[in-house]
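**Student:** Following this message is one structure expressed as structure tokens.
The values are calculated or read from the model by the stated rules, or taken from the named source; none is laboratory data. Because the structure is predicted, anything quoted here is derived from the model rather than measured. Quick reminder, even Gly has a Cβ in these numbers, built from the backbone with ideal geometry, and neighbours come from all protein chains shown. Side chains included, ligands, DNA and RNA excluded: accessible areas come from the protein's heavy atoms. Shrake-Rupley method; radii C 1.70, N 1.55, O 1.52, S 1.80 Å.
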Amino acid sequence: MKTRFSTLDIMCVVNEIQKYKGMRLQRVYDIDHKTYLFKFQLNNEKCVLLLESGVRLHVTNYEWTKNEAPSSFSMKLRKHLSNKRLEKLTQMGFDRIIDLQFGVGEAAYHVILELYDKGNIILADKDYIMINILRPHTEDEKQKFFVKEVYPNSRPKNRLNPPTEDSLIQILKTAKPSSNLKKFIFSNFPNCLDYGNCLLEHMLISGGFPTNTRIGIEFNIDTDIQKLMNCFCIAENFLDNITTLKEGFIIQKIDQQLLPDGVMKELCTNQEYHPFLFAQYQNLPSKTYESFNEAVDEFYSNLESQKYDVKCMQQEKGAVKKLQNIVKDHEERLKKLQDSQDEHKFKAELITNNLDLVDNTIQFVRQAVAKQLHWDEIWDMIRQLNFEDDGRTYAIVKNLKLSVNHITLQLFDPYNEENQNEENSQLIDIDLGQSAFGNAQRYYGSKKQSAIKEKKTIDSSSTVLKMAEKKTKQTLKDMQVVASINKVRKTYWFEKFYWFISSENYLVIAGRDAHQNEVIVKRYMKSSDVYVHAGFSGATTVIIKNPINQPVPPATLNEAAVMAISYSVSWTMKINLQNAFWVKPEQVSKTAPTGEYLTTGSFMIRGKKNYLPATHLILGLSFLFKLEDSSIPRHANERKTKGIEYEGLENIEENNDEFENITSENDSDEDLEKNIELQNKETLYAVNDDGESLKVKTNNNKHSEEEKLRSNNETSINVLDAPSIPNCNNTCKAVEQSDAVCSDSDDDDIEPDDANDMDKKNESNKPQILKRGQRGKLKRIKEKYKDQDEDEREMRIKLLQSSMNEDKKLKRAKKKDKKNKKSTDKTKASGNKQIFIKPLPMLLEAPNDTIQFEVPKEPIKKSEDNENSEDDETDKPTDLTETQMLDSLTGSPYPEDELLFAVPVVAPYTALTNYKYKLKLTPGNTKRGKASKTCLNLFLKDKTSTTREKNLMKSVNVQDIARNIPNGVKLSAPSLSKVLNK
């Protein structure tokens, strides 16, 4: 397979790319350490030029996966070449070196691409002084390729003249007889190196010399020299007219594989690309393109997928060969059994035909052994007997095996005179313990045993072969399914990061290292997104993508906090209950304070931070399945923001002027202020009918002073990072005397005035009997908060604010005027009902401050910091496409869904609640590779999984599953022990 450009290829592609001269260079990207993309634009016309050091140069129409962050070499190219015109594109000499000139005059720069040996890319100024070099090195201890050195003008070779007839004759006379003509010419004529192997073979075939022509046999120096000179003329004419070539060709190879069902499978793979269909390729399968550049682009763009196809075919060949080996082994066993039967039958017949000779010999050896003679003496007697008797009375003894009581006799067929020679004799082992007839019967018995084995083998062969064929067909089918899945499989842009989809359908991404932290902030974070961080050095940067530009719900914020804490040293050190915080994008800056320097992945956080509740280190491993478009509506609103619902809230009568609010009994005033400053949490709590406190996050610092206090019909109590229960001095009594239920619901079904009316009515009623467990809880509440005084309570009330927003106030004002609904609302309030409390994303903000969170890595250059922020906008997903993409992925597939492929995901365990497959991960000692294999085995053994789901999960590489798993985990799942014990 062709791997790099030849001189002819360079001549053709340079000629075709001339039409792009005058276009401006917009951006430089790097695919890997040796492959770069130059994006040009002129008016509305665009093109992308691909340069691969040592391999190729061509314009590409395909999308290539770029590096997450540009390399230093890309940044250097951007710095000097951005917005400059491509003025010249030339081949240096007649060599595999290309010179791209950007700009003119004093502002000119040269990009020199070397396409031979290890290759190189060099950035030089107008005087060819090297500014930057991809591969610094020294050649022949003279030519140095380093920064500030001058690129040697003598480096490119020039085109050589063809040999004369005399020089050709003289060199050919030095060839050894029967030498291959093509190899000899290629090795001894320097200009043939310029031709390349393809043009050399083409000129010889066109001139009348086949590829295997040998000097002195098919080629005669005296008679064929002129014919050879014409071959050189063909090559020179081809080089002179190479710029007139317009088409491109890809030479293909067809591999065939006979499958067990008799179907012949063919695989067509690309082997070489050429600007001309040379003579040696005329009869081979090929594909024609409008230009050579298009052929090269197609060849390299499909190279990886074809490698995968070739790998699949090799696996198929291996499976078919395994089946063939089973069949072959079976046939060999049958043949051995048949040969054994024939051999044993023949030996038995020989013994039967020589009964007297065999019996006499057995008796002779028995007598010798009975005399207790030494074995050597017995062997001397037998040799003497063989010599004197010559097989007339005794059979010829060839060997003694007295240790096993056997002798070896040489027997002939006495009824066939033609076989009375040693070549047609048969050596037969005879048991001295049996007579001649007994030995014959022994061989007949062995023949019978072999016949029985043969019959059993034949009887079982059909079953064994059918099972082997069935297994092979299933293996081939699985391979085809996996191949088709991998071809459909789309790698999403976020898979290069840590990522998951929250339970409320928000995409959350995090950097794997410092460079990725830079990328997700500078390239992917938008003004509507949320920045989440664990708050200490070494933790990853987490971004919540917010395409709908609405406040992010608390559940998603908490899940992002779990991710931020888990992908940090807290996981390794097994530290639970850490607090993360979130801020808005405008609070994140790369600008360091005066005199300080920010390393890669470090950002300045300015302003107020919103701390999140402490989290546990609990992740989950699962699979998301890509839905076909027709199956997406079936999963509409599968991940949506859900209200927090409570049933049967009991009304607690409170003071009409203020809230009863409490904190930990050991909190002092100083502790409270410190708690506000460090924790910055505000939580809305309600007490349910079991006396348990229920928590809902609320906004803070956004309401007027007149909203701070609610009427006594509200049961919600604001506290700071502590279980919220009303002041027991007043409230516990109120609970015993009231049975009304009040709520602050989304729909505001109960009005404030209505609630007051209900309270007055309830006061005249008999006390409500507390439910089971309520009285004990209230007693503990009273005991715990008995020391709280009024001053402390008033101070806490002033610090906390209500979560009621302006919209609710307007709604309540309108509903207050609807007097005709009072009786209905009172009826609703008198009984138990389901109350939905809307979760509010904003948590209490910290005081204004500036905090720097760093990931300890090597610093990056300033130029990279400044220019890395701009990138290809085609890689940035739009809000609409991002939402559609998330909707097409489901963790809970239905049997009727059409699934395309599976994507492994590691997420906070709460985000995987509704997923079909999930495995809990907590800090432990299991390595990620073993964990991923265990996970896959567990999911594949799930009895509810369909065949399609199993095939999709099988097609995922174990490395892709393990990629996002933290180091050192403990696995938890139902039936996990059964998988681990197998």
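**Student:** How many of the residues in segment 577-627 are under 30 Å from Leu912 (Cβ atoms), more than 31 Å from the chain's Cα centre (by Cα) and either surrounded by fewer than 17 Cβ atoms within 10 Å (Cβ to Cβ) or of a type in the set (D, E, K, R) (or both)?
**Tutor:** Here the count works out to 4.
**Student:** Follow-up. Can you tell me which residues in segment 356-393 are open to solvent by 60 Å² or more (accessible area, probe 1.4 Å), within 16 Å of Thr408 (Cβ to Cβ) and of a type in the set (Phe, Trp, Tyr)?
**Tutor:** Trp375, Trp379
**Student:** Out of all the residues in segment 73-99, which are in contact (Cβ under 8 Å) with a residue 60 or more places away in the chain and open to solvent by less than 30 Å² (accessible area, probe 1.4 Å)?
**Tutor:** Passing the criteria: Phe73, Met75, Arg78, Leu86, Leu89, Met92, Phe94, Asp95, Ile98.
**Student:** Another question, if that's okay. Within segment 197-245, which residues are of a type in the set (A, V, I, L, M, F, W, C), in a loop (DSSP other than H, G, I, E, B) and within 20 Å of Pro177 (Cα to Cα)?
**Tutor:** First, pick out the residues of segment 197-245 that are of a type in the set (A, V, I, L, M, F, W, C): 198-200, 203-205, 209, 215, 217, 219, 221, 225, 228-229, 231-235, 238-239, 242, 245.
From what is left, the residues that are in a loop (DSSP other than H, G, I, E, B) are 209, 217, 245.
Listed by number, the residues that qualify are Phe209, Ile217.
**Student:** What pairs come out if I take residues in segment 888-906 that are at positive phi and pair them with residues that are assigned to a strand (DSSP E or B) and hydrophobic (A, V, I, L, M, F, W, C) whose C-beta lies under 6 Å away, six or more apart or interchain?
**Tutor:** Note: no pairs meet the criteria.
**Student:** Could you identify the single residue in Glu272, Glu236, Glu316 that is open to solvent by less than 40 Å² (accessible area, probe 1.4 Å), under 30 Å from Lys19 (Cα atoms), touching a residue at least 60 places away in the same chain (Cβ under 8 Å) and not basic (Lys, Arg)? Working first, answer last.
**Tutor:** Details: Glu272 fails: open to solvent by less than 40 Å² (accessible area, probe 1.4 Å); Glu316 fails: under 30 Å from Lys19 (Cα atoms).
Testing whether each residue is open to solvent by less than 40 Å² (accessible area, probe 1.4 Å), under 30 Å from Lys19 (Cα atoms), touching a residue at least 60 places away in the same chain (Cβ under 8 Å) and not basic (Lys, Arg) leaves just Glu236.
**Student:** Among Asn153, Asn191, which is the only one that is in a loop (DSSP other than H, G, I, E, B), of a type outside the set (Asp, Glu) and at pLDDT below 90? Please lay out each step first, then the result.
**Tutor:** Values: Asn191 fails: in a loop (DSSP other than H, G, I, E, B).
So the residue among Asn153, Asn191 that is in a loop (DSSP other than H, G, I, E, B), of a type outside the set (Asp, Glu) and at pLDDT below 90 is Asn153.
**Student:** Let me ask something additional. Go through segment 390-427 and count every residue that is farther than 16 Å from Lys347 by Cβ, out of contact with any helix residue (DSSP H, G or I) (no Cβ under 9 Å at 6 or more places or on another chain), at pLDDT below 80 and not in a loop (DSSP other than H, G, I, E, B).
**Tutor:** So the answer is 3.
**Student:** In addition: With the structure loaded, tell me whether Ser932 is touching a helix residue (DSSP H, G or I) at 6+ places or on another chain (Cβ under 7 Å), at pLDDT below 85 and closer than 27 Å to Gly511 by Cα or whether it fails that test.
**Tutor:** Details: touching a helix residue (DSSP H, G or I) at 6+ places or on another chain (Cβ under 7 Å): yes; at pLDDT below 85: no; closer than 27 Å to Gly511 by Cα: yes.
Against the criterion (touching a helix residue (DSSP H, G or I) at 6+ places or on another chain (Cβ under 7 Å), at pLDDT below 85 and closer than 27 Å to Gly511 by Cα), Ser932 does not qualify.
**Student:** When the residues of segment 248-264 are filtered to those that are surrounded by 15 or more Cβ atoms within 10 Å (Cβ to Cβ) and not hydrophobic (A, V, I, L, M, F, W, C), which remaining residue is farthest from Ala295 (Cα to Cα)?
**Tutor:** Checked segment 248-264; the qualifying residue farthest from Ala295 (Cα to Cα) is Pro260.
**Student:** Out of the residues in segment 514-527 meeting the condition of being under 17 Å from Lys66 (Cβ atoms) and touching a residue at least 24 places away in the same chain (Cβ under 8 Å), tell me which one is most open to solvent (accessible area, probe 1.4 Å).
**Tutor:** From segment 514-527, those under 17 Å from Lys66 (Cβ atoms) are 515-516, 518-520, 522-524; that's our starting set.
Keeping just the survivors that are touching a residue at least 24 places away in the same chain (Cβ under 8 Å) gives 515-516, 518-519, 522-524.
Values: His515: 86, Gln516: 5, Glu518: 4, Val519: 5, Lys522: 42, Arg523: 16, Tyr524: 5 Å².
My answer is His515.
**Student:** Specify which of the listed residues (Lys322, Lys371) is over 26 Å from Gln449 (Cβ atoms), without any contact (Cβ under 8 Å) to a residue 24 or more places away in the chain and touching a helix residue (DSSP H, G or I) at 6+ places or on another chain (Cβ under 9 Å). Lay out the reasoning, then the answer.
**Tutor:** Details: Lys322 fails: without any contact (Cβ under 8 Å) to a residue 24 or more places away in the chain.
Selected residue: Lys371, the only one of Lys322, Lys371 that is over 26 Å from Gln449 (Cβ atoms), without any contact (Cβ under 8 Å) to a residue 24 or more places away in the chain and touching a helix residue (DSSP H, G or I) at 6+ places or on another chain (Cβ under 9 Å).
**Student:** Something else about it: Can you tell me which residue in segment 100-127 is farthest from Pro152 (Cα to Cα), limited to those that are open to solvent by 40 Å² or more (accessible area, probe 1.4 Å) and acidic (Asp, Glu)? First the steps, then the outcome.
**Tutor:** Pass one, segment 100-127, residues open to solvent by 40 Å² or more (accessible area, probe 1.4 Å): 104-107, 109, 116-118, 126-127.
Applying the additional criterion that residues be acidic (Asp, Glu) yields 106, 117, 127.
Details: Glu106: 20, Asp117: 17, Asp127: 11 Å.
Out of the qualifying residues, it is Glu106.
**Student:** Can you pull out every residue in segment 952-978 that is crowded, with 19+ Cβ neighbours inside 10 Å and more than 16 Å from the chain's Cα centre (by Cα)?
**Tutor:** Val969, Leu971
**Student:** Scan segment 4-50 for residues that are surrounded by fewer than 15 Cβ atoms within 10 Å (Cβ to Cβ), assigned to a helix (DSSP H, G or I) and charged (D, E, K, R) and report the count.
**Tutor:** Residues that pass the stated criteria total 1.
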